[in-house]
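Undergrad: I have a structure I would like to understand better, so I am pasting it below and will then ask my questions one at a time.
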Amino acid sequence: MTYRTLPPAPGSRRERRLRVRARLRTYRQVGTTIVVGALAATTFASAGAANIADAWLDRTIAVAEVPVAEITAGSADVEVQTVTTQNEIANGVVQQSDPQAKAGSQRVVQAGSPGVELVSYTVTKVNGVEVGRFPGISVLLTPPTDEIVAVGSLTIPAATAVQKGTNRALGQQMAADLYGWTGDQWSCLDNLFARESGWSHTAENRSSGAYGIPQALPGSKMAIYGADWQTNPATQIKWGLAYIQGRYGTPCGAWGHFTATNWY
């Protein structure tokens, strides 16, 4: 006995099911390979041949493995295609401790910028409505750059009253007049010289030879501002301020280094 498969009746449920299967086979076997091939030859061409070649070698996906959204037998019009989008990759933010900046302060050391990548998607539509989207090949065009933020960790002791006619008063006035260092900068300078010499212009470290208010080593360095460097606090302070400005930029920069290393 032999059997013959009759063609489905026009408009029947079996006829619609066979038509959907035929379309899916066509898109899977022809559409995916041809469209993805064209995608590699055109859209990704601007991304650089080397990057694209590596991406295709590393990310080749068999047609049978490409995910497709579930389609019911009664669907009237099914379309499976590959589309490409350019996506933004968010950059990160990295915080770094800055021992020379006041605790709680922040400053941007390096501006951040987002990255860019091309991503291909297998998109399934039913009657023109998207019902499935699955990512495939991705190519990195521009890597993101992290934003770097310096966060201050320096503790600045509160300033105390300055008695007129003292070396401290002279130092406070010279710092403001010569460099504009007031407020926190004065507090840093005050604490630095207080720790080094107690603001004594005759202070001497017998083991190292450091001398004077700024504890210059050797003390004779201060002679560039006056031959009276051993007895004149103004000469010593002038040298000390210039040294701090040249090496650390500000008294708080010098104080931050001192708190970390116990020298400046």
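Undergrad: Can you tell me which of 246-255, 224-233 comes out highest on packing, and rank the rest after it, using the mean Cβ neighbours within 10 Å? Numbers along the way, then the final one.
TA: Details: 246-255: 19.2, 224-233: 15.3.
So the order, starting with the most tightly packed, is 246-255, 224-233.
Undergrad: While we're on this one: Can you pull the one-decimal nm distance between simple spin-label points at F134 and V151, each 7 Å off the Cα toward Cβ?
TA: Calculated label separation equals 4.3 nm.
Undergrad: I've got another one for you. If one computes the Cα centroid of the range 100-124 and of the range 163-182, what distance in Å separates the two points?
TA: Measuring centre to centre over Cα atoms gives 44 Å.
Undergrad: Continuing with the same structure: Quick one: Debye curve from the C-alpha atoms of the range 156-261, no solvent, what's log10 I(q)/I(0) at q = 0.15, 0.21 Å⁻¹?
TA: The Cα Debye sum returns log10 ratios of -0.55, -1.13.
Laboratory data are not the source of any read-out in this text; all were calculated from the coordinates shown. Note that the structure is predicted; figures quoted are calculated from it, not measured. Please note: Cβ atoms are built from the backbone with ideal geometry, for glycine as well, and neighbour counts cover all protein chains shown.
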